[in-house]
């Protein structure tokens, strides 16, 4: 397993068209400048998007987060959210894509006059790249679950690098992922600066205890779209849900655990740090929340 993003390669992806600044290129011709801010510095923001029945799920929420991140980085977007939405759908149309599609939308600050961090060295508008691929989560991911390992890499304070900012620079998550992989796990469980559970390196983390659903306070994790949807689904279905501080002691004794993300939706966690969670299989709460989420996805994309 490679976490919740494990997938089977689809031969159709070899011939996809990729959008760079509004122009379409074949996959092997889609390139950016070596002076691009994203390549040089990881200076930019991104979103992962899911396409279902020809519709991009929860697009407004994703674009709101993207443009909020660009504002925080003092990047002037060259297109409006509506124009960017139209560009996304144009890419799907040109690729004749309807279902089982994942889009990576990336925006860098633009091309630099020279390799240096100062934004005033940028000499072009932001670079906007749209990569659509046929990519779906493996069935085992949503049934058998994944293994987590608690790493030493922490989610830091917002005055160091705000974890709410979905930036192109993901080095702390990458180092966390490496440590978890070396430990034989699928993904990393990351703590906050105080030692409470924060999130995973690429998904959001939840536990179930005595019929209650717990997730972190949200102070040290990305404002996850799927995370927020699952919290709302709990509230709508009279499931007690709490955003709170809790420790690994609470985690190890949990009845169930699961993660959320745009790509795989809701996926169970079987073991953490070598300990089975519950009986080590998908529990009834996770299965219910998966059904609620799939129903919401159908409603959103009907």
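Every number here is computed from the coordinates shown, using simple stated rules; none is lab data. Just so you know, these numbers come straight off a predicted model, no measurement behind them. When we count neighbours, we look across all protein chains shown, and the Cβ atoms used for this are built from the backbone with ideal geometry, even at glycine.
Here is how the number arises for the chain: DSSP H runs of 4 or more residues each give -39500 (n - 2.57), the sum is divided by the residue count, and the result at 222 nm is -8500 deg cm²/dmol. Nearest 10 degrees, 0 to 90: what angle lies between the long axis of helix 81-94 and the longest principal axis of the chain (Cα atoms)? Roughly 90 degrees between the two axes.
Of the peptides 243-250, 43-50, the order by per-residue mean of other Cβ atoms within 10 Å, starting with the highest, comes out as 43-50, 243-250.
Stretching the chain fully between residue 79 and residue 248 yields a gain of 56.4 nm (0.36 nm per residue, less the alpha carbon separation). Between residue 273 and residue 72, the simple spin-label model (points 7 angstrom out along Cα→Cβ) gives 2.8 nm. Across all directions, the shadow cast by the convex hull of the range 31-106 built on its C-alpha atoms averages 5.5 square nanometres. What do you get for the angle between helix 59-72 and the principal long axis of the chain? Use alpha-carbon atoms, 0 to 90 degrees, nearest ten. Rounded to the nearest ten degrees, it is 70.
Rounded to the nearest 10 degrees, the angle from helix 225-236 to the longest Cα principal axis of the chain is 40 degrees. Full extension of the segment from residue 98 to residue 116, taken as 0.36 nm per residue of separation minus the current Cα-Cα distance, would add 2.4 nm. Which entry in (i) 19.4, 58; (ii) 18.2, 58; (iii) 20.1, 64 is this structure's computed Rg and Dmax of the Cα atoms in Å? Here the calculated entry is (i). Annotation for residue 29 and residue 157: the two label points, set 7 Å from Cα along the Cα-Cβ direction, are 5.1 nm apart.
Scaled against the 2.2 N^0.38 Å expected of a compact globular protein of N residues, the Cα radius of gyration of the range 140-300 reads 0.96. Computed from the C-beta positions of residue 210 and residue 181, the FRET efficiency with R₀ = 35 Å rounds to 0.60. Using the average count of surrounding beta-carbon atoms within 10 Å as a protection proxy, the listed peptides 78-88, 275-285, 114-124 rank, highest first, as 275-285, 78-88, 114-124.
The eigenvalues of the Cα gyration tensor, multiplied by 5 and square-rooted, give the range 73-209 an equivalent ellipsoid with semi-axes of 31, 24, 13 Å from largest to smallest.
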